[in-house]
Amino acid sequence: MSSAFFFLSLLLQIGCAIFIVDCLLDKQIKYKTTKGADRMVTDKFSIRKQNELLILSTIIHSPCISRADISQITGLNKASTSNIVKKLIEEELILEIGAGSSTSSGGRKPILLELNAQAGCSLSIDLGSDYITSILTDLNGTILVETKESRMILHKENVVSKIEQIVKKLEKQYINRTFQLVGITLAIHGIVNQNQIVFTPYYDLDEIDLVQLLEERISVPIQIENEANLSAWGEAAFSEFRKNIISVSIHSGIGAGIVINGELYHGYAGQGGEIGHMIIYPEGKPCPCGNRGCMEQYASEKAILEEYRNLSNHATASLKDLAKGYRMNHQIERDVVHQAVTYIAIGMNNLIAHFDPEIILLNSNLFREMPFLLELVRKKMVSTFSRNALLAVSEIGEQATLLGGTVVNLRKFFHLPFLSFLKNT
């Protein structure tokens, strides 16, 4: 068995064992003995269900695996493993894909198993203030269809119809699959708590119960989450296999998805990670949140472009123009860039001092159009806390948020606490 396979096996056993114990503790029931004493008994159905999830998780994260290897990884006996595999095949969650290689001692070649990725679809939709993007994936996180509508204004009067149009447009892709559409996750640019929109500074979606309105029209589980939080899930599952990661989204606003010890940090009321509203300039520019001097009034893509357009007297100047002028050593462009770098570095230093992440991933067109920004920000990271911190630009970029929505949908559908779609796992 390779070292990578052994590591994955160990990870799955530890992670799933903890999950199983937690679930069983939640499902313990009390009964009275003949002597009147309380005793805790474990629900046997729960044990079997958790064993099913353990095997399903093993197959998802170790494609092309035999029953014998599943038994070895999970610690379940071969009879239990075979019975559960049979059930998962009957439910069309997994497939037999042919014979593997026989062992060095010979004998019958094992039948290999994998997730039945084509049995259903997941839909993720990013609701920006002036755009809507979406991806439809299979059950293995592979993107099947992407859609994008831009140069529009999204608001409470048109958001439901826009989402319905996307679902209807993609219906032919999932309608004939066993599980059809397993879930829809919406990325919200604002604060979300308990599947409800709390605050959206740049559109009015916080004035409606979006989930309820959609559930009245669409018979599919609906989840909503902050877009930066989804970006963190996307990075953790598709890009960076780390337990402590921060994904910083810099768009019209600024937010951070914070994963601590493998769990997404929401805070008490869903406001965890709202770093765009940390004050970096006392008594500075007013912000829709009510404060003055918030980070996103100085370091967001929107704020940086507004500053550049004002100083250059060019109302339609773009990030490409800013990057070009900087490379040509134009003073206005250099001043704008260096000021933006200073503000971004302040935010990153604060994040590192507070959360001590393994890595911070930056997700923004700023860094895609101006890749030199990363090194400029790194040079500002000079404190004892931050000088050795890993800072990188997201490799999955604009898809991170949507792929995070895929993770939310599939975790809920499979009832699994952990999912990874990294190609090397």
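Taking N as the number of residues in the stretch 99-222, what value does Rg over Cα atoms divided by 2.2 N^0.38 Å take? Walk me through the numbers on the way to the answer.
Details: Rg = 19.5 Å, N = 124, 2.2 N^0.38 = 13.7 Å.
In units of the globular-protein estimate, the stretch 99-222 measures up at 1.42.
Below 8 Å between Cα atoms, with a sequence gap of 6+, how large is the relative contact order for the stretch 291-407 in percent? The partial results should precede the final answer.
Working: 99 pairs, mean separation 29.1, N = 117.
Answer for the stretch 291-407 is 25 percent.
Within the chain, which is the longest segment that contains none of the GluC sites (Glu not before Pro) sitting in a DSSP loop with at most 11 other Cβ atoms within 10 Å?
Numbers: sites that count: Glu157, Glu216, Glu283.
Free of exposed loop sites, the longest segment is 1-156.
The chain: D in µm²/s via Stokes-Einstein (Kirkwood Rh, Cα pairs, 4 °C, 1.567 mPa s)?
Numbers: Rh = 23.7 Å.
The Stokes-Einstein estimate is 55 µm²/s.
By how many nm would the segment from Ser420 to Glu171 grow when fully extended, if each residue of separation counts as 0.36 nm and the alpha-carbon distance is taken off? It would help to have the intermediate numbers written out before the result.
Working: separation 249, 0.36 × 249 = 89.64 nm, distance 2.64 nm.
Once the chain is fully extended between Ser420 and Glu171, it gains 87.0 nm.
What length, rounded to one decimal in nm, is gained on full extension from Asn329 through to Thr342, with 0.36 nm per residue of separation minus their alpha-carbon distance?
Values: separation 13, 0.36 × 13 = 4.68 nm, distance 1.83 nm.
Full extension of this stretch gives 2.9 nm more.
May I ask you to derive the FRET efficiency for Asn313 and Phe372 from their Cβ-Cβ distance with R0 = 22 Å, giving the value to the nearest 0.05? Show your work: numbers first, answer last.
Values: r = 25 Å, r/R0 = 1.12.
Working from the Cβ atoms, E equals 0.35.
Which is the longest run of the chain containing none of the trypsin sites (Lys or Arg not before Pro) found in DSSP loop states (not H, G, I, E, B) with at most 14 other C-beta atoms within 10 Å?
Numbers: sites that count: Lys27, Lys35, Arg108, Arg151, Arg217, Lys243, Arg387, Lys423.
No qualifying site falls inside 244-386, the longest such stretch.
Principal axis lengths of the stretch 247-353 from Cα atoms, whole Å, largest first?
45, 29, 23
Could you tell me how many cubic angstrom of Cα convex hull volume the stretch 207-270 has per residue?
Numbers: hull volume 8.0 nm³, N = 64.
Looking at the stretch 207-270, the number lands at 125 Å³ per residue.
Largest first, please: the extent of the C-alpha atoms of the stretch 176-290 along each principal axis, to the nearest Å.
57, 37, 25
Using r as the Cβ-Cβ distance of Leu390 and Ile153, and R0 as 41 Å, what FRET efficiency do you calculate, to the nearest 0.05? Write out the running numbers ahead of the final one.
Numbers: r = 38 Å, r/R0 = 0.93.
Efficiency computed from Cβ-Cβ geometry: 0.60.
How many nm separate the modelled label positions at Lys78 and Glu90, each set 7 Å beyond the Cα in the direction of the Cβ?
Going from the Lys78 label point to the Glu90 one covers 2.2 nm.
How big is the charge dipole of the chain about its Cα centre, in debye rounded to the nearest 20, if each Lys and Arg gets +1 on its Cβ and each Asp and Glu gets -1 on its Cβ?
Numbers: 41 positive and 45 negative charges, 279 e Å.
The dipole of the chain has a size of about 1340 debye.
Only residues of the stretch 73-95 count here: report those whose backbone N is under 15 Å from the spot 7 Å along Cα→Cβ of Thr178, or say none.
Backbone N within reach: 84-95.
At a Förster distance of 51 Å, what's the computed FRET efficiency of Asn193 paired with Arg108, Cβ-Cβ distance as r, to 0.05? Provide the component values of the computation, followed by the final result.
Details: r = 54 Å, r/R0 = 1.06.
For Asn193 and Arg108, the calculated efficiency is 0.40.
Quick one: length gained pulling Lys412 to Ala269 fully straight, 0.36 nm per residue minus the C-alpha distance? If you can, show how the numbers build up before the last one.
Values: separation 143, 0.36 × 143 = 51.48 nm, distance 2.15 nm.
So the chain would gain 49.3 nm between Lys412 and Ala269.
Since every read-out is calculated from the coordinates, none of them should be taken as a lab result. All values derive from a computational prediction rather than experimental measurement. Backbone-built Cβ (ideal geometry, glycine too); neighbour counts: all protein chains shown.
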